[in-house]
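Let me begin by presenting the structure, written as structure tokens, before commenting on it.
The values are calculated or read from the model by the stated rules, or taken from the named source; none is laboratory data. The shown structure was predicted, so the numbers you read here are calculated from the model rather than taken from an experiment. Here the Cβ positions follow ideal geometry from the backbone for every residue, glycine too, while neighbour counts run over all protein chains shown.
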Amino acid sequence: MDKPSLNIVRAPDIAAHSQEFSHPWNPNSQMHGTQLARSVGLKRTGVNFIRVPAGKESYVYHSHQSEEEWIYVLSGKAIALIDDVEYEVDAGDFIGFPAPSVAHHMRNPGPAELVYLVGGENRETDVVEFPTLGKRMERRGKQMDVYDVDDAGNRSAGS
């Protein structure tokens, strides 16, 4: 029998540790997932196993200034909204967002569950834009500040 390894996450454990979550700014956001990279102690990169039920969406339309992100579709079909253009994507398709990225979002029109891997960098700082909401999030370590883009001119540097 194999000796247990902290570097391996077995398929049954991926399913057993799946959690449901959603983005608070998108009422149609619903995902079930497991943080694979954290499960094996990776800190500089993230990899997550995600399932989106038929008729539901991933997060909210967003872009990153500093962190690269990618998606690999394992099964199902999706509509990927990328820089205000909709693209149909299927199992086996790979999508990448070099930083600074264009805005992007995934939705599952159904009828089957959408399953994909998503990953990217975990940098100390990042700025995330939410163009349809007019919001920006600045993250420095564990501190996050969210504000309306219209208020950006009123913010002092580093605040």
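Yes/no matrix, rows are residues, columns are (1) of a type in the set (D, E, K, R); (2) modelled with pLDDT of 95 or more; (3) touching a strand residue (DSSP E or B) at 6+ places or on another chain (Cβ under 6 Å):
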position: 15; (1), (2), (3): no, no, no
position: 22; (1), (2), (3): no, no, yes
position: 29; (1), (2), (3): no, yes, yes
position: 32; (1), (2), (3): no, yes, yes
position: 38; (1), (2), (3): yes, no, no
position: 47; (1), (2), (3): no, yes, yes
position: 50; (1), (2), (3): no, yes, yes
position: 56; (1), (2), (3): yes, yes, no
position: 61; (1), (2), (3): no, yes, yes
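Looking at (1) surrounded by fewer than 18 Cβ atoms within 10 Å (Cβ to Cβ); (2) of a type in the set (Phe, Trp, Tyr); (3) in contact (Cβ under 8 Å) with a residue 12 or more places away in the chain, which one does residue 87 not meet, given that it meets all the others?
So residue 87 meets the others, but not (3).
Residue by residue through segment 116-129, note down the ones that are under 13 Å from the mean Cα position of the chain (by Cα) and at pLDDT 95 or above. Talk me through it step by step, then tell me what you get.
So the first thing to find is which residues in segment 116-129 are under 13 Å from the mean Cα position of the chain (by Cα), and the list is 116-122, 128.
Scanning segment 116-129 gives 116, 117, 118, 119, 120, 121, 128.
Could you list, ordered by first residue, the pairs with Cβ atoms under 6 Å in which the first is in segment 120-138 and under 9 Å from residue 67 (Cα atoms) and the second is outside any strand (DSSP E or B) and polar (S, T, N, Q), at least 6 apart or interchain?
123/66; 126/66; 127/65
Would it be correct to say that residue 116 is touching a residue at least 24 places away in the same chain (Cβ under 8 Å) and not in a loop (DSSP other than H, G, I, E, B)? Spell out how you get there, then give the answer.
Details: touching a residue at least 24 places away in the same chain (Cβ under 8 Å): yes; not in a loop (DSSP other than H, G, I, E, B): yes.
Criteria met by residue 116.
Would you call residue 57 over 19 Å from residue 89 (Cβ atoms), in contact (Cβ under 8 Å) with a residue 24 or more places away in the chain and either of a type in the set (Val, Ile, Thr) or surrounded by 15 or more Cβ atoms within 10 Å (Cβ to Cβ) (or both)?
Working: over 19 Å from residue 89 (Cβ atoms): no; in contact (Cβ under 8 Å) with a residue 24 or more places away in the chain: yes; either of a type in the set (Val, Ile, Thr) or surrounded by 15 or more Cβ atoms within 10 Å (Cβ to Cβ) (or both): yes.
No, not satisfied.
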